[in-house]
Amino acid sequence: MTKTIVKDDFDSANEVPSNWVKWNTVGDDKIFGTLMRKMKGENAYKPGEMVENYEIKADYGSFHNVDEKKNLIETPITINLGEIWSVGGKDGIAKQMANVKIGQKLGFKYIDEKVSRTKGHQPAKLIKVFTPKNDDGSYKMDEEWLAQDDMASAIKDF
């Protein structure tokens, strides 16, 4: 008699981890890659308020996470080439992203903190957006990604 092995596809070993970049270490936390999508979502800190979030096809990067007690984990999470990561939006980022196009190369870096205007609140995390240029002054685009058939139609719809 053959024994049948039952595989549980919903085992915790198969769980997909969160792909949101976290900002916990000034100067070290960053991601660089291709802007794939801008999407609206509810602000996690202000229910009912919508923010623009960003989906990035990574070239490289890393960031630090915190444990359940909000202690910094010293070993950074490495962002690898080709992985898809999301960056949460906020007003400061949205203003910088206003003219960034889908398919454009860009980077986000946690550069500083600013004391909160509201007593007792955490400092504001200042995230800077970087958009490198070609020698001719045009912005770098991910031509290989843009050349994909389904990308051309997705960009037209955007």
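Quick notes on this structure:
- For the residues Gly88, Gly48, Gly82, the requirement of being in contact (Cβ under 8 Å) with a residue 24 or more places away in the chain and more than 13 Å from Lys22 (Cα to Cα) singles out Gly82.
- Odd one out for Asn19 among (1) modelled with pLDDT of 95 or more; (2) within 17 Å of Leu81 (Cα to Cα): (1)
- Some residue of segment 79-89 being part of a strand (DSSP E or B) and either at pLDDT below 95 or over 15 Å from the mean Cα position of the chain (by Cα) (or both): no
- Scanning segment 97-111 for residues that are surrounded by fewer than 16 Cβ atoms within 10 Å (Cβ to Cβ) and either free of Cβ contacts under 8 Å to residues at least 24 places away in the same chain or not hydrophobic (A, V, I, L, M, F, W, C) (or both) yields Ala98, Asn99, Lys101.
- Filter result for the condition that a residue is surrounded by 15 or more Cβ atoms within 10 Å (Cβ to Cβ) and not basic (Lys, Arg), over Glu68, Glu52, Glu74: Glu52
- Residues that are surrounded by fewer than 10 Cβ atoms within 10 Å (Cβ to Cβ) and modelled with pLDDT of 90 or more, drawn from segment 116-136: Asp135, Asp136
- Ile31 vs. criteria out of contact with any helix residue (DSSP H, G or I) (no Cβ under 7 Å at 6 or more places or on another chain), in contact (Cβ under 8 Å) with a residue 40 or more places away in the chain, buried (at least 17 other Cβ atoms within 10 Å of the Cβ) and part of a strand (DSSP E or B): yes
- Any chance Phe10 is in contact (Cβ under 8 Å) with a residue 12 or more places away in the chain and either within 29 Å of Asn134 (Cβ to Cβ) or more than 11 Å from the chain's Cα centre (by Cα) (or both): no
- Verdict on Ala58 being aliphatic (A, V, I, L, M), in contact (Cβ under 8 Å) with a residue 40 or more places away in the chain and either more than 25 Å from Glu144 (Cβ to Cβ) or crowded, with 17+ Cβ neighbours inside 10 Å (or both): no
The values are calculated or read from the model by the stated rules, or taken from the named source; none is laboratory data. These numbers come from a predicted model, not from an experiment. As a convention, Cβ positions derive from the backbone with ideal geometry for all residues, glycine included, and neighbour counts pool all protein chains shown.
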